[in-house]
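Here's the structure we're looking at; comments come further down.
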Amino acid sequence: MDDSDEETNVADLLRRLRHLSETPAKQRAVKASVSINQLCDYAFRKGLDSASLQAILNIVSVKSELDQTSVMNLVKNLYPKERIPSAVVTKAVSALGQGKNKPSTATQSALLKWLFTVYDVLDDTLILSRLYAILFNLLDMVSLRYELCRIVGNEPAVLRLLSVYKDYYPDIIISSANPGRGSLPPQPDATWTKRLQAISHQPSQSDVGLNSRNGFKVYRTRTRTPRLHLLPESSVTLEEIEGPQDFVDKIERIELPNQLVSSLQDSLLQKLLFLNPLPEATMRLEFWLASYLEEELSLARNHLSPSPQFPELLQGILAYSQAQHSLISIVEVFLAQYLPIWDGQSNYDALCAIIAFVDRHPHDKLHSTYFAWLERPHILNTGRLLSKLLLLYSKIAQRWILQQDTSTQARTGKSKSPKEVSELLDYANLFIHNIISMQPTSTMIHSAILTFYESFSFSATQSDNTSSVHTPIVLPSEQVVNHLLFNSSLSDVSRLCGILARCKRQFESLKNTISDYYPSPYTNRFNGHLMDICNLIWRSRALNGTDTNASGCLCPPATMSALMRYLPDMDNIYNLAGSFGITQNYLFCAVSMATFTELEDAAEIDGADLKTRHAGPVSPRSLTLLEKNGGLVISWTKSRVEVLSALEAKGLDGVKDLMFSTMMKLKDAT
């Protein structure tokens, strides 16, 4: 019988076998074993083409009416005569696992063994890597575990992974062989392999057999020993590092781990990549992240919840960004695509923290890519999230200042902050003005606003005079200053005064170069803040707008006139100019009166014979009357300085700091 007749006969046998596999044994007209033996005999002699392999796998990969002996006979004779396409491999893997239509575990084990044996003649060996997740999830089947591990190979990393799992699943059996670099994978079945080699050397009508040279490698009998990656004898691993000095001494010889994704959590590896950056390491990490982040994008596009691992991944990206002081480029690409389809709630804190590491961009791009999605309406009604946004703006601006290219530094002084920083700070000031209008009484918002301005006031004050970058002095607007003065707590007013005091010292440090950085309207606005607060708290000239640069706390003339008429009618001891001072202001009056009482107590302890005590509130006029009536003798200035000291003792030192740095004669009076 020639080859064409035999191939026709095989096709007939396969059709007959398909029918027999669907027919119960008692209803068959002929025995199935006859057709199976004929088919197996042909496969043993000539080998099977891809279509025949696929046809047989279609039969044995599901539960059928064939007995177990017949099925095993078919699987053991699956000799290919040409390279095996990926579709055949996928069909074999689809038979694995648990289910009512799955073949027996013995059949599944035999199919796994067959995959291991024919590995060298697969058309694309990467198909097994693509099916890795399926194969890995089958490790919990005891009947398949051994054959699965044969596919994986006796590799040190795999053995160590199994040893970890063994702590939780004692039924895992680990070979007693030394899991070192020289350990070899298990050998394929020698007899089966020799028969496959004999088939591959048979003459064929086509040139696509196992011995063909049109793009396929020639089949050779050999064990599949993984190619060894020989390291220099002097190289070391991170696990061998014993301390900081050892790390520094061996930094050039440290070998990167195979799984660079661990750099998202491993602080030592993060330090290594920062101090000894390698382009290939970054590429490997970005490749892994791109694959994982694409899955998250797919979930978001389909309006599904993020994966359970996504928060952990974001924390890893954040840790890596903090260590490298920059954001991985693939993450910026991901954020630009993810934020528009993001639900606006999940992982908000982590996303804000990561966005703080974005590269410098013009404000229009920054806003359209990031801020617009973080400032959705429901977010603007949540004080905690607004606080996160202000913190984000502050961190971005300060990072950009530190990253400024100093090559453009002027010889005569520090370089100005980048244009992008100025645009961002202008936007932040406008944003603060808007959220105060939306939530005027929120203590959380007040605190977040003050924290924003404090971060820049401390940075500006503490910056090294030798630094080449000028940290901008960020001033709140008149509306923000006055809102905090009249609508917040004592601690908030103290913080506001502390901010302005530090800004004043920074302005003074610039001396004659101040005009190089700030226009006159900007410094005039700052002087207006100082004048209004001093008039309000210290000089008994509240709401006065006639002084130089003063704005009268933006109080309309009509309102001021109404207050001037109202106060005398209520009690003649009050007047508008002094009612907001440190002894009568509703925020300070309790501390002021308690301080004065302590002064009276101290005077009596020292032997003073006080005929009367002050009933409050303290004013220049009341102190004069108190002295005449035999009470405590103290000057108006001294009494207020004592209040400032009492506030300082309570941790509220901002008011004293501002008054002493602004009122030049105040120190002399003490």
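How much length would be gained if the chain were fully extended between E252 and R45, taking 0.36 nm per residue of separation minus their Cα-Cα distance, in nm to one decimal?
Gain in length upon complete extension: 68.7 nm.
Once you compute Rg and the Kirkwood Rh from C-alpha atoms, what is the Rg to Rh ratio for segment 589-669?
0.99
At a Förster distance of 22 Å, what's the computed FRET efficiency of R15 paired with V62, Cβ-Cβ distance as r, to 0.05?
The calculated FRET efficiency here is 0.80.
If Rh is defined by the Kirkwood formula over all Cα pairs and Rg also comes from Cα, what ratio Rg/Rh do you get for segment 513-670?
1.03
For segment 27-143, what is the convex hull volume of the alpha-carbon atoms per residue, in Å³?
For segment 27-143, the hull spanned by Cα atoms encloses 99 Å³ per residue.
Say each of S86 and S346 gets a label point 7 Å from the Cα, pointing the same way as Cα to Cβ; how far apart are those two points in nm?
Between S86 and S346, the label points sit 2.9 nm apart.
So how much slack lies between S477 and A106, counting 0.36 nm per residue of separation and subtracting their Cα-Cα distance, in nm?
Net length gain for the segment: 125.7 nm.
Calculate one ³J(HN,Hα) per residue across segment 101-107 by plugging θ = phi - 60° into the Karplus curve 6.51 cos²θ - 1.76 cosθ + 1.60, and present them in order as whole Hz with x for glycine and proline.
Rounded to whole hertz, the list is 9, 7, x, 5, 5, 5, 5.
Work the Kirkwood hydrodynamic radius out for segment 473-543: mean of 1/r over every pair of different alpha-carbon atoms, inverted, in Å.
12.9 Å
Report the FRET efficiency, 1/(1 + (r/R0)^6), for K611 and S561, where r is their Cβ-Cβ distance and R0 is 25 Å, rounded to 0.05.
The calculated FRET efficiency here is 0.05.
Please work out the FRET efficiency for the pair K395 and V333, using the Cβ-Cβ distance as r and a Förster radius of 25 Å; give the result to the nearest 0.05.
Here the calculated transfer efficiency is 0.75.
Which chymotrypsin sites (Phe, Trp or Tyr not before Pro) from segment 551-621 combine a DSSP loop assignment with at most 10 other Cβ atoms within 10 Å?
Those that pass, being in a loop and sparsely packed, are Y586.
With the cut-off at 22 Å, tell me which of the pairs K31/K81; K395/K419; K46/K194; K504/K638 have Cα atoms farther apart than that.
K31/K81; K504/K638
Do any trypsin sites (Lys or Arg not before Pro) in segment 592-630 lie in a loop, going by DSSP, with at most 14 other beta-carbon atoms within 10 Å of their beta carbon, and if so which?
Here the sparse-neighbourhood loop sites are K611.
Using modelled backbone amide H atoms (1.01 Å from N, in-plane), which distant-in-sequence or interchain residues come within less than 5 Å of L122's amide H?
I84
Is there a quick way to get the dipole size of segment 589-669? I mean about its Cα centre, with the Cβ of Lys and Arg at +1 and of Asp and Glu at -1; what is the value in debye to the nearest 20?
380 debye
Where a number appears in this text, it was derived from the coordinates with a stated rule and is not lab data. No experiment lies behind these values; they were computed from the predicted model shown. Cβ coordinates were reconstructed from backbone atoms using ideal geometry, including for glycine residues, and neighbour counts include every protein chain displayed.
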